[in-house]
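Down below is the structure, laid out as C-alpha cells.
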Amino acid sequence: MTFGEQPAYLRVASDLREKIANGSLPPHTRLPSQARIREEYGVSDTVALEARKVLMAEGLVEGRSGSGTYVRERPVPRRIARSGYRPASGASPFRQEQAAEGARGTWESGSEQEPASAEVAERLGIEPGERVMRTRYVYRDGGEPMMVATSWEPLAVTGRTPVMLPEEGPLGGCGVVERMAAIDVVVDNVVEEVGARPGLAEELLALGGVPGHVVMVVERTYYASGRAVETADVVVPADRYRLSYHLPVR
C-alpha cells in the first residue's frame, strides 16, 4: 500500500457512505449483502465485512435480526443549551427550556449513597471510599429519551443538611448553585469538559441506541472557593443532539 492510500475496506465504506449521503441508498433501504459488496467492488469477504462494520460503528446502518443490514434514518440534530448565565431561580438549562410554552420535557431521578470510586474521588478532591450521594437522571423530550446523567456530591458538604437529596425537600430540583447557597456554600465556578466515546450498554439501553453508537459526554464540576461540591457526567446521543453553548462576554 503506497503512502496516503486507504485500506480497501475504508474505500468501500467511503463509497457506500457517499451513496447513503446522496440518497442512492435512502433510509430503510437494505444495504447490499456481503456477497454483493464482494462482487461489486472486487474485494474479499473480510474486506466486505469490515466495510459494513465501519458503517455500523458510524451509526449509518443497523442490523435487523434475521433480515439484514439497513440504512438508518438520520435525524436532524436538535440543540441542547448549555449556558454560562445563571437565572435568578437557579434552574438548570434543561429545566429553563422545559418551562417554555410548548415544551414537552420530563425527567426522572433516583438517589443513593455510595463510596466514591477512585475516578469520582479525584474529580471531587476527596479520598476514595468517602461517602457521596449519587443521583441518576433520565431526561425525555415528548417521551423520547434525550439525555442521561449521573451526579455525585460529597456528603462531607451536604450530609445531614436539607439539600442532601438533590431532588427532594424544599429545594429539590432547584439546581446545584441555589441548593448550595441554602447551606452557605457559594458556588463561584463551573468547569465542563466535552468528549465523545462509544456509549456504554446501560446508557444506550436508556437512550434507545444500539451497540457502537457514539455519545457525547460532558464532565461537569461545580466549585466553591476551589473546592468541588458536585461533579456529573451528562451523556447525550451524538447523532440526535448538539450541545449549544451560550457564554457571557467578560
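The values are calculated or read from the model by the stated rules, or taken from the named source; none is laboratory data. The structure presented is a predicted model; accordingly, all values stated were derived computationally and were not measured. Cβ coordinates were reconstructed from backbone atoms using ideal geometry, including for glycine residues, and neighbour counts include every protein chain displayed. Just the protein is used for accessible areas: all its heavy atoms, side chains included, with ligands, DNA and RNA removed. Shrake-Rupley method; radii C 1.70, N 1.55, O 1.52, S 1.80 Å.
Considering only DSSP beta bridges where both residues belong to the chain, give the percentage that are antiparallel (nearest 5). Expressed as a percentage, antiparallel bridges in the chain total about 90.
Contact order for the chain, expressed relative to its length and based on alpha carbon pairs under 8 Å spaced 6+ residues apart, stands at 18 percent.
Quotient of the Cα radius of gyration of segment 112-189 and 2.2 N^0.38 Å, N being its number of residues: 1.17. Percent of accessible area on segment 143-250 owned by carbon and sulfur, 1.4 Å probe? Accessible surface attributable to carbon and sulfur in segment 143-250 totals 57 percent.
Model label points for residue 242 and residue 36, set 7 angstrom from Cα along the Cα-to-Cβ axis, are 3.3 nm apart. Using all pairs of distinct alpha-carbon atoms, the Kirkwood hydrodynamic radius of the chain works out to 20.8 angstrom. In terms of accessible area, using a 1.4 Å probe and ignoring ligands and nucleic acids, 24, 151, 65 rank largest first as 65, 24, 151. Annotation: residue 44 carries an accessible surface of approximately 60 Å², with a 1.4 Å probe and no ligand, DNA or RNA atoms counted. Beyond 17 Å, what share of the Cα-Cα pairs of segment 1-48 remains, rounded to the nearest whole percent? It works out to 38 percent of all Cα pairs. Computed over segment 147-246, the P(r) curve from all C-alpha pair distances, binned at 10 Å from the origin, holds 15, 39, 29, 16, 1 percent per bin. With the whole protein complex present, residue 53 retains an accessible surface near 110 Å², based on a 1.4 Å probe.
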